[in-house]
Ligand SMILES: [Zn+2]
Ligand SMILES: [Zn+2]
């Protein structure tokens with residue numbers, strides 16, 4: 001089955017077979033893989049969303065397996081669970097109230113504080129109409145909704161979206177119509193409050209509450225809904241507002257995510273980490289690709305019931321032959337991956353073992369569709385360590401089409417370890433049309449394929465377990481994560497930290513030979529200003545990025561451990 005060109009490995013395989021009776025070694029089977037996925041992807045776990053009961057049930061199941069095979073608990077305080085605190089969402093507080101032109105409006109139905117809003121009270125005797133609230137850069141056109149308007153210290157009333165292109169055929173509003181851009185423009189010009197309205201032909205809804213990556217501004221920002229304007233008897237397209245008093249209150253709801261961690265001590269104190277995230281999207285979330293109207297459970301059989309089942313089986317396998325191991329092996333089921341690598345980032349920065357002894361990290365995420373991919377298996381990260389590359393270059397399997405990719409950065413948990421300079425391998429059987437949809441269910445899983453992937457993993461672990469050479473970390477040029485999103489014509493080459501709670505945009509990683517790296521940016525730098533744009537959070541960052549063109553030079557101010565550092569970035 002396996003054709004390994006290293007004679008040393010072949011010798012070891014023979015030795016291993018001769019020394020240990022094979023019946024005592026636990027063999028991974030399609031049936032046992034299926035049993036785990038049947039539990040994890042069952043409707044009763046409701047899609048295992050972080051912070052929800054289904055996540056807790058899944059964690060208990062994984063913990064039960066670790067316990068039954070007597071792994072050492074390596075979570076918090078010698079338990080199997082490691083807890084990570086995170087901001088789950090932003091909710092409306094109890095204090096929200098608004099009186100416009102002397103008439104009190106109803107929260108939600110008639111007005112809605114926006115996620116970007118400060119929590120504050122206000123009393124505006126002047127609310128200045130500024131149309132679409134767009135002020136263009138000179139290069140982009142002469143359009144300016146703020147021309148001849150004095151808004152300093154006053155509130156502004158802004159229409160969402162942009163003027164029709166029929167009326168303005170030569171002006172491209174795309175870069176200017178985002179809420180982020182309008183909010184930042186108004187603040188920069190001195191506004192003390194912002195009220196938005198929705199043009200009549202557009203949908204008058206807005207996410208009331210939601211994910212928590214927005215950093216609030218210093219001023220109240222409120223959507224005046226159509227029902228509220230109707231109650232006030234105002235023109236829906238250009239309401240005349242003479243006074244607005246009230247209070248906004250947005251509350252961050254924190255919650256706890258749980259990693260499940262078990263450990264097999266080896267004969268040396270070098271450790272290999274094997275991980276897979278077990279959380280998924282629950283009933284859908286902003287990451288869902290499901291477009292139907294009825295809410296549906298996202299069971300995530302492939303994402304990532306498959307990888308979770310595999311690490312449970314790998315734990316059983318290694319527990320049955322622990323005396324053979326030189327390395328210690330740490331098994332970890334991560335939570336909160338879907339919300340921005342919450343669990344893996346927490347573990348990577350709060351390891352419950354000596355982090356200097358960690359030699360490599362293996363991540364399994366979506367390995368349940370091999371047959372469908374013509375038996376294809378992709379291994380990412382082989383460029384993160386020279387020995388990985390040598391190993392995989394000399395390896396081939398008769399029954400698996402192996403593709404190796406050097407890059408160690410990708411949208412899954414191994415990235416958190418890569419960013420800590422630990423060599424990583426990430427196993428993946430490919431994307432498919434059920435990705436992040438309710439149809440990612442157990443009926444489409446290739447259980448035998450998961451067993452095959454597990455064998456590739458054990459082959460690699462067994463090889464490196466007796467590898468005597470160096471396992472030095474190498475940065476990789478990133479081939480995969482640089483996908484450009486539609487509206488950005490430039491790249492910066494940094495990996496945003498999606499769960500950073502401070503002001504600015506923190507770079508989890510800097511990609512070699514890309515603009516950020518060339519300008520001298522370091523992992524962990526926090527971008528607080530780009531050119532003239534203040535960067536308060538990831539939304540400001542994305543909005544600012546949209547304003548630059550290839551070849552532009554931009555002064556970037558970063559906060560590096562409390563020190564302000566000026567960099568010159570040339571966008572590509
Ligand atoms: Zn995943
Ligand atoms: Zn996912």
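Each reported figure results from applying straightforward, stated rules to the coordinates on display, with no laboratory input. Just so it is clear, the model here is predicted, and its values are computed rather than measured. All Cβ positions, glycine included, derive from the backbone under ideal geometry; neighbour counts span all protein chains shown.
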R0 of 51 Å, Cβ-Cβ distance residue 291-residue 24: FRET efficiency to nearest 0.05: 0.50
Neighbour-count order for 337, 108, 46, fewest beta carbons within 10 angstrom listed first: 108, 46, 337
Residue 109-residue 403 pseudo-label distance in nm [points 7 Å out on the Cα-to-Cβ vector]: 5.4
Label-zone membership for the stretch 503-542, site residue 570, 7 angstrom Cα→C-beta point, backbone N under 16 Å: 513-521
Rg in Å to one decimal, and Dmax rounded to a whole Å, for the stretch 308-371 via C-alpha atoms: 13.5, 39
Separation of alpha-carbon centers, the stretch 325-366 and the stretch 77-93, rounded to whole Å: 17
Debye-sum result for the stretch 95-248 in log10 I(q)/I(0), which assumes one identical scatterer on each alpha carbon, at q = 0.13 Å⁻¹: -0.56
Projected label distance in nm at residue 53 and residue 83, using a 7 Å step from Cα toward the beta-carbon: 2.0
Order of 218, 537 - criterion: other Cβ atoms within 10 Å of each residue's Cβ, fewest first: 218, 537
Binned Cα-Cα distance frequencies in the stretch 451-572 - 10 Å width, integer %: 12, 39, 23, 12, 13, 1
Kirkwood hydrodynamic radius over Cα pairs of the chain, then Stokes diffusion coefficient at 10 °C and 1.306 mPa s, in µm²/s: 61
log10 of Debye I(q)/I(0), alpha-carbon scatterers only, for the stretch 44-177 at 0.16 Å⁻¹: -0.97
Projected label distance in nm at residue 269 and residue 251, using a 7 Å step from Cα toward the beta-carbon: 4.7
Part-to-part distance (alpha-carbon centres) for the stretch 529-564 and the stretch 215-287, which is given in Å: 23
Potential extension, residue 563-residue 433 segment - 0.36 nm per residue separation minus Cα distance: 42.2 nm
Nearest 10 degrees, 0 to 90: helix 307-319 Cα axis against the chain principal axis: 30
